[in-house]
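The values are calculated or read from the model by the stated rules, or taken from the named source; none is laboratory data. All values reported here derive from a predicted model rather than from experimental measurement. No Cβ is skipped: glycine too gets one built from the backbone with ideal geometry, and neighbour counts run over all protein chains shown.
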Amino acid sequence: LVSDLNTVVLKLGGSVITSKAIPERPNVHAVKRLAREVAEASVERLVVVHGGGSFGHPMAQACSRRPGDERLAGLSATHLSMLRLNHLVVSSLLEAGVNAFPLHPSSLLRVGGGRLEGLGLDLVSHLLDAGMTPVLYGDVVPDLDGDLTIVSGDQIASSLAVELQAERLIFCLDVDGIRVGNRILRRVKPEDLEDVLKFVQPSAPDVTGGIRNKLVEAFKASSRGVRVLFINGLKPGLLLDALRGLEVPGTVVG
Ligand code: IPE
């Protein structure tokens with residue numbers, strides 16, 4: 001059974017692997033360190049999904065208001081921007097000794113009525129079975145209505161975690177966890193979700209809904225039996241410990 005195989009899905013937030021303030025500025029230092037932590041943890045079945053941060057988002061934001069062809073060209077440019085970041089993530093993982101392999105959501109996934117319809121699960125499973133670490137990312141994806149939609153890395157990560165019956169889903173953020181006021185919540189239970197969401201607003205320049213959307217996605221996965229954890233990916237060693245299954249500071253969902 002898939003669930004016996006202890007799959008872990010890891011979402012690397014765009015604000016961890018890039019510097020959000022400057023367009024297309026990667027945080028190379030963070031990417032390389034996280035890649036080394038992934039290598040050291042040597043999780044047998046790991047799927048990595050990364051976000052956009054200063055890649056993808058500014059482009060997507062700008063083109064969303066453009067008419068017709070200009071918007072389409074912008075979506076294509078958005079995808080190319082994500083490809084550049086994906087290249088850095090995958091090559092850093094390879095350099096660290098992880099058998100990473102890029103999978104491109106734009107060619108793999110299908111969206112219908114705003115929902116992820118096709119996940120390309122066969123290919124993901126195939127790579128995992130072959131001993132590879134598939135690396136996906138938030139991307140521009142064909143819509144069954146004949147348009148294209150932006151699908152967040154969070155949505156991809158939670159859907160994959162559910163479908164692969166993953167044991168754990170770990171979100172690396174640039175903060176210590178889910179914060180309400182100046183307090184980091186150690187745990188968000190299903191019955192508290194509505195209340196917590198009131199305090200967590202989508203951040204303005206984020207085309208895919210920021211922390212709020214991450215929480216919603218986290219609950220989708222946790223309600224299907226996945227253990228979901230939010231940690232600070234900018235603090236060295238936390239990802240390594242989380243991947244090893246140790247208790248780490250952060251927010252547990254579910
Ligand atoms: C962004 O993915 C994808 C595009 C803008 C094309 P995410 O929404 O997962 O990125 P972060 O992690 O929030 O930056």
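Restricting attention to segment 95-117 and to residues that are assigned to a helix (DSSP H, G or I) and surrounded by fewer than 16 Cβ atoms within 10 Å (Cβ to Cβ), the residue that is farthest from the chain's Cα centre (by Cα) turns out to be Glu95. As a summary of the residue check, Gly250 satisfies the conditions (1) at pLDDT 95 or above; (2) on the phi < 0 side of the Ramachandran plot; (3) more than 14 Å from the ligand (Cβ to nearest atom) except for the one numbered (2). The condition (being farther than 17 Å from Ala96 by Cβ, part of a strand (DSSP E or B) and within 8 Å of the ligand (Cβ to nearest atom)) is satisfied by just one residue among Val49, Val9: Val49. Output the residue which, of all residues in segment 52-73 that are among the small types (Gly, Ala, Ser) and part of a helix (DSSP H, G or I), is surrounded by the fewest Cβ atoms within 10 Å (Cβ to Cβ). Filtering first and then ranking leaves Gly68. In segment 102-110 there is no residue that is more than 16 Å from the ligand (Cβ to nearest atom), touching a residue at least 40 places away in the same chain (Cβ under 8 Å) and either in contact with a helix residue (DSSP H, G or I) (Cβ under 8 Å, 6 or more places away or on another chain) or closer than 26 Å to Ile231 by Cβ (or both). If the condition is being under 20 Å from Ser64 (Cα atoms), within 16 Å of the ligand (Cβ to nearest atom) and of a type in the set (A, V, I, L, M), then segment 129-176 contributes Val140, Val141, Leu148, Ile150, Val151.
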